[in-house]
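The structure appears right after this line, and notes come after that.
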């Protein structure tokens, strides 16, 4: 049996809880320990609905990469965001410019007449 085939079988057994779920091999971590790990890694639990076929494809790719499918999904999403970071930066710059312009307009509305009088005197 090839290494890939064996990894795929092991991954499927983990997913079906045939491996690693027996009490003698696994113990639940305390919530505060789990929260500490999530905090240290900057992780946040989310819920997402995906097509079953997509999940199966991700699991297969994860086996080929020697990863679990959730770390693979994190890696894919991280790569996408990094490749599109320029869009985020541009959006933030435009938003800051709009705030600045609004602040100037607000200042002109509030103090425009006063500033005009001071300039004329």
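Computed from the coordinates by the stated procedures, all read-outs in this text should not be read as laboratory data. Quantities reported herein were computed from a predicted structural model and do not represent experimental measurements. Neighbour counts are summed over all protein chains in view; Cβ atoms, including those assigned to glycine, are modelled from backbone coordinates with ideal geometry.
Inspect all residues belonging to the stretch 25-47 and state whether any of them is under 27 Å from residue 3 (Cβ atoms) and either in contact with a helix residue (DSSP H, G or I) (Cβ under 7 Å, 6 or more places away or on another chain) or not in a helix (DSSP H, G or I) (or both). Looking through the stretch 25-47, at least one residue is under 27 Å from residue 3 (Cβ atoms) and either in contact with a helix residue (DSSP H, G or I) (Cβ under 7 Å, 6 or more places away or on another chain) or not in a helix (DSSP H, G or I) (or both).
What do you reckon, is residue 55 under 23 Å from the mean Cα position of the chain (by Cα) and either closer than 30 Å to residue 5 by Cα or outside any loop (DSSP other than H, G, I, E, B) (or both)?
Working: under 23 Å from the mean Cα position of the chain (by Cα): yes; either closer than 30 Å to residue 5 by Cα or outside any loop (DSSP other than H, G, I, E, B) (or both): yes.
Yes.
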